[in-house]
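Before any comments, here is the structure.
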Amino acid sequence: MADDPYRIADRVDDGMLEMMVSRLEERGRDARFLGMIDDYLDAVGLPEANEVLDLGCGTGVVARRIAGRSGFAGRVLGIDLAPQLVTRARALAASEGLSQATVFEVGDIRSLALEDGRFDVTVMHTLVSHLEDPGAALKEAARVTRAGGAIALFDGDYASSTLETADPDRAGEIDAAMIEATVTQPRVLRRLPRMAAAAGLLVERFFPYVIAEAGRPEFFAGLVDTIGPMLVASGVAQEDEAATIASDLGDAAESGTFFGACNYYGYVLRKP
Ligand SMILES: C[S@@+](CC[C@H](N)C(=O)[O-])C[C@H]1O[C@@H](n2cnc3c(N)ncnc32)[C@H](O)[C@@H]1O
């Protein structure tokens, strides 16, 4: 298994961590990405929610989005494996005046020290694609959510992800390498209805999206900038091959000949 940096975020070096922070924050400023977050937040019944859990919160993009929503009077607990990301999330929340409504703590979804049924809503935003055992994580999320509460789960269907590179004969192979370097579970969202049933959850809403960019990338620009180091750090490619792929994508982005696409899916799961 390749070293997906987001699965081992507590062990990556400072350079990789900074790249992850800038990718998460850049994505968190993209209007399409925020719109997809708002779609599931609108559907879960947030105004009535008191206690919200954001699992794998990273820099707190979703926790801050919830805390800043008009009418939200509860509290969001963000949990992440990486202490540096938790520190960053606290600082960003403070700078946005959201410290009262947010708490960020280090924790691991594989062993959560949280009591059963504590949360009205639990969010897993681009987390399960980075886990070795997403089924167990979903059961853990179900455990800490109250009966009648909701789990909002959003992620990329990364098996659909493609960034077209210069050599058409190797395009499929290079796509596969880029997927392996950045996620652990590229097909997990296709298995989610089965995983939800195994965790005793009902699929209440499903939101399908595609982000596709041709010409100059915006949403994928950060990925273009970070894919070279990620290919190397994950062990998927040697430095020279990673540099070739990265510079080719960089040239395409700059010259307006870029093409990239990925499906994203949001699920609202209800705990009966
Ligand atoms: C792709 S990032 C998503 C961050 C944030 N939810 C967002 O969308 O901006 C995945 C996050 O999951 C965290 N993570 C990975 N494995 C974890 C685990 N076992 N327990 C808790 N967090 C974990 C990583 O540290 C990383 O911050």
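The values are calculated or read from the model by the stated rules, or taken from the named source; none is laboratory data. What you are looking at is a predicted structure, and each value in this text was computed from that prediction instead of being measured. Note: ideal-geometry Cβ built from the backbone for every residue, glycine included; neighbour counts use all protein chains shown.
A compact table of results
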| item | result |
| --- | --- |
| Among (1) crowded, with 18+ Cβ neighbours inside 10 Å; (2) more than 10 Å from the ligand (Cβ to nearest atom); (3) within 18 Å of the chain's Cα centre (by Cα), the one test that V183 misses | (2) |
| Odd one out for F259, checked against (1) crowded, with 21+ Cβ neighbours inside 10 Å; (2) farther than 23 Å from P5 by Cβ; (3) of a type in the set (A, V, I, L, M, F, W, C) | (1) |
| Any hit, segment 6-28, residues being within 15 Å of the ligand (Cβ to nearest atom), among the aromatic types (F, W, Y), in contact (Cβ under 8 Å) with a residue 40 or more places away in the chain and not in a helix (DSSP H, G or I) | yes |
| Some residue of segment 79-90 being out of contact with any strand residue (DSSP E or B) (no Cβ under 6 Å at 6 or more places or on another chain), under 15 Å from L127 (Cα atoms), part of a strand (DSSP E or B) and within 13 Å of the ligand (Cβ to nearest atom) | yes |
| Close pairs (6 angstrom Cβ cut-off, 6 or more residues apart or separate chains): farther than 15 Å from M124 by Cα and free of Cβ contacts under 8 Å to residues at least 60 places away in the same chain in segment 183-212, of a type in the set (A, V, I, L, M) and not in a strand (DSSP E or B) anywhere | P186/I179 |
| Unique match (being surrounded by fewer than 22 Cβ atoms within 10 Å (Cβ to Cβ), at pLDDT 95 or above and not aromatic (F, W, Y)) among E218, E173, E213 | E213 |
| Residue that is surrounded by the most Cβ atoms within 10 Å (Cβ to Cβ), among those in segment 29-56 that are within 13 Å of the ligand (Cβ to nearest atom) and acidic (D, E) | D54 |
| Enumeration of residues in segment 160-170 that are of a type outside the set (S, T, Y) and surrounded by 15 or more Cβ atoms within 10 Å (Cβ to Cβ) | L163, E164, A166 |
| Residue satisfying all of: in segment 159-182; of a type in the set (V, I, T) and touching an Asp or Glu at 6+ places or on another chain (Cβ under 6 Å); nearest to H125 (Cα to Cα) among these | T162 |
| Every residue from segment 44-54 that is on the phi < 0 side of the Ramachandran plot and part of a loop (DSSP other than H, G, I, E, B) | A49, N50 |
| Answer residue from segment 61-78, given it is in a loop (DSSP other than H, G, I, E, B) and not small (G, A, S) and is surrounded by the most Cβ atoms within 10 Å (Cβ to Cβ) among those | F72 |
| Members of segment 137-158 that are among the aliphatic types (A, V, I, L, M) and in contact with a helix residue (DSSP H, G or I) (Cβ under 7 Å, 6 or more places away or on another chain) | A137, L138, A150, I151, A152, L153 |
| For P229: the one exception among (1) closer than 30 Å to T145 by Cα; (2) outside any strand (DSSP E or B) | (1) |
| Residue list for segment 112-158, filter: more than 9 Å from the ligand (Cβ to nearest atom), more than 24 Å from N50 (Cα to Cα) and of a type in the set (S, T, Y) | Y158 |
| Odd one out for C57, checked against (1) assigned to a helix (DSSP H, G or I); (2) closer than 16 Å to V128 by Cβ; (3) not aromatic (F, W, Y) | (1) |
